[in-house]
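K.L.:
I am attaching a structure below and will ask some questions about it afterwards.
Just so it is clear, none of the values below were taken in a lab; they were calculated from the coordinates. The model shown is predicted, which means the values in this text are computed figures rather than measured ones. For neighbour counting, all protein chains shown are included, and Cβ atoms are generated from backbone atoms with ideal geometry for every residue, glycine included.
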Amino acid sequence: MSEVTTATKNKKIPVISISRKIIQFLSFFVINYAILEWIFNADFSILDNYARVLPFLHSANSAWTQGAGLLEYSFYMIATGRIPYLFVGILGLLGLFSGRIFCGWVCPTGFMQDLFGGLGGDSRLSLEADQFLKKVKSFFLIVLLFLFTLILIFFKTDPDLHQQWLESLGSMAYNALEPISMSEFLFVTLPNIITTAVDNGGSLTGIFGGTFKTIIFVIYVLIIIASAVYPRFYCKYMCPYAATIKVFSNYSFLKLQRMPTRCPGRKECGVCEQICPMQIRILEEPFSGFTGDGECTLCLDCMQQCPHDAIKWKFGFN
Ligand code: SF4
Ligand code: SF4
């Protein structure tokens, strides 16, 4: 019976993954709408006010979006003495009501990683390494929050010290996520390096802008290579947006559930766990609904590939 179901399922057109790729592709251009302006010689400046508050980890330095993401703005506000209640509230509501669907269906950095992953790599880290590294992104975020909370306190208590800290942090004071933002690398640093190299007639001399930036460049090249080998490497282990929204998406209204009457378990099947790009231990999650500790991006690969149609949507906070 299960073989018949498997064969039938495998013949289905992968409607979900085709739809997701189309939405990711369109989102990439809408978010980076300056590319569309360039291609069609059009003026989409009307989008400026909206692009600036998209819940996307986007650099204020990007010439392609002319805006920055909610998280970037939140850190910027803290650095300049304000508490970003509204932005954090929006992030919280997004996570609580839509989980991490943004990561799976919209985020251009996620889309780029899916493209790199499309080169064929589908490796998995060991369970222990995966669990440990998933905590790394939260660690980066906590360190940044600690640092910027100090800056906020200095703003209120000692303006001179506040100014000294801002000066010693340099550009990072106003763009806190710069060193750990793959978006910054893909959409700002890399295009800048390429255009500088072209302007220099192909010479690589001085195009990285100093030792620190050269190290960052090498690290990101390694992350891209890792993303081609391990699906969604950056999302799983480094992304500060993921580290923030997972706190809320862990309790998301929108999630998935697994039907106990249909799923024969890991020994007889286990397809879902083998294909999950976020390496979620789906079969150890509760039947009543799961978010994989807030890591599930609702890409729906597991739902599409499940040979027994055992994975369904679940709406509800419990
Ligand atoms: S939920 Fe996973 S293990 Fe269960 S039937 Fe579906 S793919 Fe197989
Ligand atoms: S659990 Fe399913 S929907 Fe969530 S990330 Fe894994 S494959 Fe995608």
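K.L.:
If each Cα of the stretch 174-240 is one equal point scatterer, what is log10 of I(q)/I(0) from the Debye formula at q = 0.25 Å⁻¹?
P.N.:
One equal scatterer on each Cα of the stretch 174-240 leads to -1.13.
K.L.:
For Val106, enumerate residues with amide H under 5 Å from its amide H, sequence gap 5+ or separate chain, H modeled in the peptide plane.
P.N.:
Those qualifying (amide H under 5 Å, at least 5 residues apart or on another chain) number zero.
K.L.:
For Leu256, what residues show an amide H to amide H distance below 5 Å, using hydrogens built from the backbone and excluding near sequence neighbours?
P.N.:
So Leu256 has HN proximity to Phe290, Lys314.
K.L.:
List, in order, the whole-Hz ³J(HN,Hα) value for each residue of the stretch 260-271 obtained from phi through the Karplus relation with A = 6.51, B = -1.76, C = 1.60 and θ = phi - 60°; use x for Gly and Pro.
P.N.:
x, 6, 9, 7, x, x, 5, 5, 8, 9, x, 4
K.L.:
Within straight cross-link reach of Lys267, meaning Cα distance under 20 Å, which lysines are found once same-chain residues fewer than 8 apart are removed?
P.N.:
Counting by Cα, and skipping residues close in sequence, Lys267 has these lysines nearby: Lys9.
K.L.:
Still on this structure, please answer the following. Rank the residues Val30, Val247, Val198 as a footprinting-exposure proxy: fewest other Cβ atoms within 10 Å of their Cβ go first.
P.N.:
So the ranking, lowest neighbour count to highest, is Val198, Val247, Val30.
K.L.:
Given the Cα-Cα distance of Val88 and Ser168 and 0.36 nm per residue of separation, how much length would full extension add, in nm?
P.N.:
26.2 nm
K.L.:
Next question, about the same structure. Principal axes first, then extents: for the Cα atoms of the stretch 260-318, list largest minus smallest coordinate on each axis, whole Å, largest first.
P.N.:
30, 24, 19 Å, listed from the longest principal axis down.
K.L.:
What Kirkwood Rh does the chain have if only Cα atoms enter the pairwise 1/r average? Answer in Å.
P.N.:
It is 21.2 Å.
K.L.:
Under a plain spin-label model, where a point goes 7 Å from the Cα along Cα-to-Cβ, how far apart in nm are Gln274 and Val136?
P.N.:
Computed distance between label sites Gln274 and Val136 equals 2.7 nm.
K.L.:
Take the Cβ-Cβ distance between Phe146 and Phe253 as r, set R0 to 41 Å, and report the resulting FRET efficiency rounded to the nearest 0.05.
P.N.:
Using R0 = 41 Å, I get an efficiency of 0.85.
K.L.:
As a test of the definition: which semi-axes, in Å, follow for the stretch 182-293 when you take the square root of five times each eigenvalue of its alpha carbon gyration tensor? Largest first, please.
P.N.:
One finds semi-axes of 42, 15, 10 Å for the stretch 182-293.
K.L.:
Too long at a 22 Å Cα-Cα cut-off: which of Lys134/Lys255; Lys137/Lys314; Lys135/Lys246?
P.N.:
Lys137/Lys314
K.L.:
How long are the three semi-axes of the equivalent ellipsoid for the stretch 120-182, computed from the Cα gyration tensor as the root of 5 times each eigenvalue, in whole Å, largest first?
P.N.:
35, 14, 6
K.L.:
In the chain, which whole DSSP H runs stretch at least 18 Å along their own axis (Cα) and average -0.5 or higher on the Kyte-Doolittle scale?
P.N.:
Span-like helices here: 15-31, 85-98, 127-157, 211-229.
K.L.:
Suppose every Lys and Arg Cβ carries +1 and every Asp and Glu Cβ carries -1, with no other charges. What dipole size does the chain come out with about its Cα centre, to the nearest 20 debye?
P.N.:
Here the chain has a charge dipole of around 1100 debye.
K.L.:
Continuing with the same structure: Provide the gained length on full extension for the span Ile23 to Asp199, in nm with one decimal, where the gain is 0.36 nm per separating residue minus the Cα-Cα distance.
P.N.:
Gain on extension, Ile23 to Asp199, equals 59.9 nm.
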